[in-house]
């Protein structure tokens, strides 16, 4: 089923995410020289400080909400048409986790666009603290960490295996495809490191051990040849932003129906 409105929502979502990651890549590059954080919320803060920043941030917020709607369609209504294999259920679970993540980012963008500053809270350490405050919180935090780790691995494999090509109407553009592979692998690696930090926080029952994207980049910089690796990952995050902009133009978007939603998780009906 094809819906022009839903198609617009999905493409606006990819565009918003692409812009955010291009800003993150820029912050990562400059933070390597002068310090500072390089993560999605910091990127939105930088955008807010620009001329007409509230307007642009509001546009990004709307785009991110469109991306959330598309992620929910992919995960709950199986808009991409995955079969009923364990691997594809894992992929759809990762897509649902992505939807939850971007709801938080969209809310942050919208609050700041409306002048409702949310202060310095938020981030992975606050999420870990919230999780650990719940019943069986240590295990909940560990499950969230495994979700981050799984999402990172799925994203990297999507690039390595070039599985993303089946969803793009993009032909005879090998350089652009290689940029997409590079971006997916770099973003997946950073996300997996965040997941490992989160699992470690759950293991030590210490929410402060949960790290953000900025912390993951800082850890990479401390490795042997860390300066080179850091630069490669920062460029990779820019490539991931470009990959999202490619999806704005070339992604196949299938609008879900109510029947798709009912049949999206068939095993729940048995």
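Throughout, read-outs are computed from the coordinates displayed, never taken from laboratory work. Here the structure is a predicted model, which means the values were calculated and not measured. With ideal geometry, Cβ positions are generated from the backbone for all residues, glycine too; neighbour counts draw on all protein chains shown.
Alpha carbon centre of the range 157-216 versus the range 48-104: separation in Å? Taking the Cα centre of each part, the range 157-216 and the range 48-104 sit 15 Å apart.
Can you give the calculated 222 nm mean residue ellipticity of the chain, where each DSSP H run of n ≥ 4 adds -39,500 (n - 2.57) and the sum is split over every residue, rounded to the nearest 500 deg cm²/dmol?
Details: 10 runs with 196 residues, N = 270.
It lands at -25000 deg cm²/dmol.
Classify the range 131-218 from the C-alpha gyration tensor, please: rounded if a/c falls under 1.5, else prolate or oblate depending on whether a/b exceeds b/c. Prolate is the answer for the range 131-218, as a/c is 1.5 or above and a/b outweighs b/c. Counting 0.36 nm for each residue step from residue 100 to residue 200 and taking away their Cα separation leaves a gain of 33.8 nm.
Peptides 4-14, 207-217, 45-55 ranked from most to least packed, by the mean per-residue count of other Cβ atoms within 10 Å: 207-217, 4-14, 45-55.
Quotient of the Cα radius of gyration of the chain and 2.2 N^0.38 Å, N being its number of residues: 0.99.
Sorted by mean Cβ packing within 10 Å, highest first, what order do the peptides 177-187, 127-137, 79-89 take? Intermediate values should be presented prior to the final figure.
Numbers: 177-187: 21.6, 127-137: 16.3, 79-89: 13.1.
Descending mean neighbour count gives 177-187, 127-137, 79-89.
How would the range 178-234 be classified by its alpha-carbon gyration tensor: rounded, prolate or oblate, with rounded meaning a/c under 1.5 and the a/b versus b/c comparison settling the rest? Because a/c hits 1.5 or more and a/b fails to exceed b/c, the range 178-234 counts as oblate.
Highest mean first, what order results for 159-170, 233-244 on Cβ atoms within 10 Å? It would help to have the intermediate numbers written out before the result.
On the way: 159-170: 14.3, 233-244: 23.2.
Descending packing order for the listed peptides: 233-244, 159-170.
Of the residues 97, 226, 58, the one that moves most in a GNM of the chain with alpha-carbon contacts below 10 Å is 226.
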